[in-house]
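No value in this document is a laboratory result; all are computed from the given coordinates. All values reported here derive from a predicted model rather than from experimental measurement. Cβ placement follows ideal geometry from the backbone for every residue including glycine, while neighbour counts extend to all protein chains displayed.
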Amino acid sequence: MNRTLLLSILLGALLAGAVVAAVWMWRVAGDAPIGVWGLIAMAAGVVASLALGIGLMRLAYRSERDDRE
């Protein structure tokens, strides 16, 4: 069997397992209330994740451009 195919199957199985676990946890949690501080923490996490992702991608593109010169 091809290594790429094996890797794809493994990653697909991991993704399926993560989705099943997430759905199960969502159903177990039920209708859990989220307070104001929870919403603030969630928004801060989203902003921090976006900033980190954008910053790392910018560094990757900049590094690739600098290598060509």
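How many percent of Cα pairs in the chain exceed 21 Å?
Roughly 64 percent, rounded to a whole number.
Divide by every residue of the chain the summed helix terms, -39500 (n - 2.57) for each DSSP H run of at least 4, and state the resulting mean residue ellipticity at 222 nm, rounded to the nearest 500 deg cm²/dmol.
Per the formula, -31500 deg cm²/dmol.
Starting at the first residue of segment 36-43, write each ³J(HN,Hα) from the Karplus equation 6.51 cos²θ - 1.76 cosθ + 1.60 with θ = phi - 60°, in whole Hz, x for Gly and Pro.
Those phi angles translate into 4, 5, x, 5, 5, 5, 5, 5 Hz.
If you take the beta carbon distance between Ala21 and Arg62 as r and set R0 to 35 Å, what does 1/(1 + (r/R0)^6) give as a FRET efficiency, to the nearest 0.05? Walk me through the intermediate numbers first.
Numbers: r = 37 Å, r/R0 = 1.06.
Given R0 = 35 Å and the Cβ-Cβ separation, E is 0.40.
About the Cα centre of the chain, what is the dipole size in debye to 20, counting +1 per Lys and Arg Cβ and -1 per Asp and Glu Cβ, all else neutral? The partial results should precede the final answer.
Numbers: 6 positive and 5 negative charges, 22 e Å.
That gives the chain a dipole magnitude of about 100 debye.
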